[in-house]
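Down below is the structure, laid out as structure tokens.
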Amino acid sequence: MTPPESMRLDKWLWCARFYKTRALAVEEIGKGRVTVNGQAAKASRELRPGDTVALRQGVVPRTVVVRGLSGMRGPAVVAQQLYEETPESIASREQAAEMRRLAPEPAASLHEGRPTKRDRREIDQARDWGSRWSAAIDE
């Protein structure tokens with residue numbers, strides 16, 4: 001079986017294992033998170049070897065050059081041969097990973113834990129407007 005000359009963008013993203021399902025690939029393309037050769041693309045866009053695809057996997061931006069097309073989704077080792085990531089993309093991805101690793105733990109900013117029963121009562125009392133039905137001043 002010879003590899004096809006061109007292939008739908010959503011199918012290639014699925015075959016190259018960037019997204020778990022074609023539906024997820026279509027959704028990401030629809031949100032404008034995938035571009036081909038610097039232009040916004042549709043899921044049905046025909047992709048050829050040599051095209052540059054910029055995409056986001058979660059918060060990770062990636063730029064890859066299409067090296068091959070496959071008619072079916074195969075193992076990860078085979079899928080990695082379908083593209084080549086640009087050196088700039090690799091560097092920015094590694095830098096982003098390092099920034100996430102060095103970021104402070106979100107829980108470290110919490111100095112106090114859950115409110116105690118006394119704190120909870122004080123909060124509820126501060127919110128209580130009494131038995132009034134409106135904020136109007138009673139005369």
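The values are calculated or read from the model by the stated rules, or taken from the named source; none is laboratory data. Keep in mind the model is a prediction, meaning the values are calculated, not measured. Ideal geometry is used to build each Cβ from the backbone, glycine not excepted, and the neighbour counts take in all protein chains shown.
Some observations on this one:
- Selection status of Glu27, out of contact with any Leu (no Cβ under 7 Å at 6 or more places or on another chain), under 16 Å from Leu9 (Cα atoms) and either assigned to a helix (DSSP H, G or I) or at pLDDT 90 or above (or both): yes
- Only residues that are under 11 Å from Ser70 (Cα atoms), aromatic (Phe, Trp, Tyr) and in contact with a helix residue (DSSP H, G or I) (Cβ under 6 Å, 6 or more places away or on another chain) were counted across the stretch 1-41, and they come to 1.
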